[in-house]
Structure formats: C-alpha cells, structure tokens
Amino acid sequence: MIGTSFSFYTPSTERELLITLSKGALPVAGMTDVMVKIRTGKMKAKALSSVSRIESLKGVQMADDAVTIMAATTYTELLENKGLKWRLPILLDAVSEIGSTQIRNRGTLVGNIVNASPAGDGLLVAYLLDGNLEICSNEGCRSVDVRDFVKGPGQVALAPGEYIRSVTLKIPPKDSLYAFVKVGQRSAMAISVASVGVLLRLNAGTIEDFRIALGSVAPTVVRPLELERNLVSLKMEDGLFKTLAGELMNYISPIDDIRASAWYRREVVKRIVENLSVYLKGVEKQ
Amino acid sequence: MKIRFTLNGERLEMDVREDQRVLDLLREELGLTGTKEGCGEGECGACTIIVDGRAVNSCLMLAPELDGRDVITIEGLSKDDEPDPIQKAFVDAGAVQCGFCTPGFVMSTKALLMKNPRPSREEIYKALEGNLCRCTGYVKILEAVENLITKEG
C-alpha cells in the first residue's frame, strides 16, 4: 500500500481539470516522481488530478523558431517524434537518458520541470533552450520563463488552482553544435552527479551564439548568462574551453551528498567543459 | 470508483479505490501475484506490466488510470498451458535463478518485441535497462532475448 489515502481525479478536459483544482487537487502527469514522494512522505496531498487523459494537453506543435510540448506528452512520445530529431536533437539526447523505458513511457517534460530537481535533465534542456511555460487557471493563462518559474530545489511558482498547459522551447540557430553530457553512477535510472548542456554556433571560427547549462551543481540548474555573452564574438581558439571551465567554477556551488562530493562535482564539470570539443555534435540534416 | 478495462484479453468492470496502486489491484484484488513488488519506487522493474502496448511500472500507477486501457500481465502470456516463446527462451538460456525479477524482464521483452520484432542489441539493452536482476549478472538474460530473435528470424 502507498500508506496515505487521497482522492484521485482523471479529468478528460481542461475545464474539468480546473474544477478538480478548485477543490484543492494538485495537477500531476506521469507521477513517476509524485508516487515516490507520497510513499516516502516527502509530499502530502489530499487530492491529485491527472492531466494524462486530457486530449488538448497531448502532442507537440512545431513552429518555425520554436517547439511547443503539451503537458501530457510523455518522453517516449518525444523520442518517437520524427520532427524533433533535427529541430531539437539535444532534447532527445537528454530525454533518452532519463530513467528507463518504463519511466519514459509515463514521465513528461513538463512534470520534470515542475519537479524542479537541480538534477533534472529535462529541466536542464528547458533552461538551455530558453523554455517558456504557459500556466493556466480559472483567471486565464500567463506565460513564464522556466528560469523564473523555478525558485529552488523542488520549489516552483505554481499557485493553487494553476496548471501548466505546455512548455515552448526555442529552436537553436541553424548549424549550431550541441552537447549533452551526463555523469551518473550508472547509465540507466541514475540521477545525475553532474550534467552539462551546451549549444554553440560558429561563423568562420568566431563564436556567434554560446549557451551552457549545468545540472546538479547548485540549488537549481545554472545558466551563466553573463559568461555566455562574454564569449560572443571571440575567436574559437585552443585554450578557450579551458579558460571557460575555470571561470564556470565561480558560478556553481555544488554540495556533498549521497551520490558525489562537492569536490568531485567541480572536477567533473571542469573536465567536461575543458574537453567540450570531444562532445560537441553537429545537427543532422532533415 | 468504477473502471472498465481489458486484462489479458478479458473485459473487466470493477470498483477500485482511487488511491490504490495498479500493483496492489493486480495482486490483492485480482490475485495475479506474478507481478512482483521489488523497490516500489520504479527503480527495479519487477512490477512491469504492459498498458496499451507500453511497458510501465505498476507500482507508480494508480488503479483509475487503467480505465479504458488494454492491460497485459505476466499471467496473460502463456496460452493453453504452453509458455510464451519469451518464457521458453529464458528457461532454455538459464536466464532464471531466484526468479523474482523474471516476470518484469519477460514483460519488458514482450513490450519491446510487440513494437519491434527484430531489435538490435542496443535496443534490447535500452528496453531492459529499467529491470534489475541480482542473481544472473544479465548475460544469460540478454542471451535469452537474442536467441529468441535469431530463432524467430
């Protein structure tokens, strides 16, 4: 048994979902984290309301410059979506390493964002791709950047009565190189010890766009925007990634925990960034 | 709460508790104890069942979520007292020791082969990565699945 009793709703429309939320239910999707949190007493809920049967919250919408992923779309559905392979390959790289097949068959990207773990690999990609959430309630919908939505580990700016409809991710500039590197104790099911996501666009050897996001090394995912801006217009030279790795150390504040020490996390991030050229991949054409 | 679903080819209608896990519904209410509880946290895969063609952890799912779904458990595989070819392959390869993880591995394999009858080694690894075995060291389990594919091909 799960240990506590609660109500569970499975609305089939967003209107019905709102009614359940007004009764105090928390919106949930694949519940791969929620069920564990309830069982271990880390989360207490009188009522849960699942978005997974709501047709209008399923699927992926493509625009020229962005991709909108609806809240009930599972990781497996993202991996099977052919249109994402060249639009957002870094997302698929990260998603294919989340959990296991069973978890990916249920878990969702929006759920990973709401869970707000600093080790969330989907959350890291949402930071990197300037993710924007559509949050709705009885009063209407608002749009919030993922970076402003996440307040701390497990803490997000979602008010009672609100649910997330979708997350919109920006498609990186054409011909961007990308890398997603995750270090964990084993490949399946392992929570990241540290993870690094990078997008880089070069024009004749000069950096035109650079983005980096770091996971598991601070209370939330780190995106050092100032450092990124300073790299733009620089020549891509030997030693640049080494300098970058050194500077990044000022932006992270890892802790010792059951998975790794703070020292190890710093070292891992440093080594990955120093050797970024090994990990960077080009986007395969359509 | 009343739900209707198909379980191993049979249509069922029953009253369930809203907060009951699918794992408990199967084991406690329906007496289908082939589905095992290992970790109860989605780490070990011993409770794997197939819902609408996809392998899922029944310990992380609530009973009302089965409404309208097509569910297969380990009990649904054998026909006319004959084991499923996957079960046979596991026995033939010696992929079973204590047996506790076996139903989960068999169900993950079944879900894989339903979607992809000729998976690559990489695809087999990926499909079975959510299942833990503490006895066999995995080699014989992977052999069982690979033997099955070569035989069927």
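Data table
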item	result
Largest to smallest accessible area among A:31, A:62, B:14 [probe 1.4 Å]	A:62, B:14, A:31
Value of relative contact order over chain A, rounded to a whole percent, pairs C-alpha under 8 Å and six or more apart	15
From phi via Karplus (6.51, -1.76, 1.60), per-residue ³J(HN,Hα) for segment B:68-78 in Hz, x at Gly/Pro	x, 9, 9, 10, 10, 10, 4, 5, x, 7, 6
Inter-label distance for residue A:58 and residue A:249, nm, one decimal - labels placed 7 Å from Cα along Cα-to-Cβ	5.1
GNM top mover of A:83, A:120, A:140 - chain A, alpha-carbon springs below 10 Å	A:140
Proximal charge balance of residue B:19 [Cβ under 13 Å; K/R count +1, D/E count -1]	+2
Solvent-accessible area buried by pairing B with A, both sides, nearest 100 square angstrom, 1.4 angstrom probe	2700
Accessible surface of residue A:65 - all protein chains present, 1.4 Å probe, nearest 10 Å²	100
Rel. contact order, % - alpha carbon contacts under 8 angstrom, at least six apart, segment A:177-285	27
Residue A:75 accessible area, assembled protein chains, probe 1.4 Å, Å²	10
Exposure rank, largest accessible area first [B:33, A:220, B:150; 1.4 Å]	B:150, B:33, A:220
Prolate/oblate/rounded label for segment A:44-104 (Cα gyration tensor, a/c 1.5)	oblate
Among B:19, B:81, B:67, residue whose mean-square fluctuation peaks in a GNM of chain B (springs only between Cα atoms under 10 Å)	B:81
Prolate/oblate/rounded label for segment A:91-205 (Cα gyration tensor, a/c 1.5)	oblate
Protein-only accessible surface order, largest first, of B:11, A:211, A:142, A:259 at 1.4 Å	B:11, A:142, A:259, A:211
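The values are calculated or read from the model by the stated rules, or taken from the named source; none is laboratory data. Treat the numbers as computed from the prediction; the structure is a model and nothing was measured. When we count neighbours, we look across all protein chains shown, and the Cβ atoms used for this are built from the backbone with ideal geometry, even at glycine. Only protein heavy atoms, including side chains, enter the accessible area calculation; ligands, DNA and RNA are left aside. Shrake-Rupley method; radii C 1.70, N 1.55, O 1.52, S 1.80 Å.
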